[in-house]
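Report on the structure given below.
The values are calculated or read from the model by the stated rules, or taken from the named source; none is laboratory data. Since we're looking at a predicted model, the values are computed, not measured. Every residue, glycine as well, gets a Cβ built from its backbone with ideal geometry; the counts of neighbours run over all protein chains shown.
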Amino acid sequence: MSSVLTVLEAISHLTSAPAPRPPALSAPCDANAGRRLLSRNTESLLGAEPEGRKVRIMVTMPSSAATDYPLVRDLLRNGMNCMRINCAHDAEPAWSNMIRNLRQAEQETGRSCKIEMDLAGPKLRTGPLQPGPPVLKIRPQR
């Protein structure tokens, strides 16, 4: 963190703009407070704890979920708590259809489900490599 602050201070000096201050650290908490915090954040992210189990089920949608309503409905009926849409695949129309299918299934089943959209990150691309020098193989004489 200190190197990031050093860079920010250097940029601030060069631009005559004030350097941003790091956020204040939160106060430490005991184990019980930590469990409550984890529970609250988990519920916010993945939905309420299902009856009869301690885990939530997140399901990554296949492309077919955009056009296969029974698939989405059956996943919800069978315990899906969070629909994960991998935005590295398909496109906005397919994602919208997946969400539309889920909302319809929620109405039909009376169950609710969170949606998590996983954004695609940068993709490393390489092209053809130019031939390099041959590998030099050396063996000691025995």
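Being of a type in the set (Gly, Ala, Ser) and within 30 Å of residue 55 (Cα to Cα): is that true of residue 27 here?
yes
Condition test on residue 7, is it surrounded by fewer than 12 Cβ atoms within 10 Å (Cβ to Cβ), free of Cβ contacts under 8 Å to residues at least 40 places away in the same chain and either outside any loop (DSSP other than H, G, I, E, B) or within 21 Å of the chain's Cα centre (by Cα) (or both)? Yes: the conditions hold for residue 7.
Cβ-Cβ under 9 Å, sequence separation 6+ or interchain: first residue in the stretch 40-54 and closer than 22 Å to residue 117 by Cβ, partner assigned to a loop (DSSP other than H, G, I, E, B) and at pLDDT below 90. Which pairs? What qualifies is 42/49; 43/49.
Exactly one residue out of 84, 73, 56 is in contact with a Gly (Cβ under 8 Å, 6 or more places away or on another chain), among the charged types (D, E, K, R) and on the phi < 0 side of the Ramachandran plot, and it is 56. Inspection of the stretch 21-29 identifies at least one residue that is at pLDDT below 85, on the phi < 0 side of the Ramachandran plot and of a type in the set (Lys, Arg).
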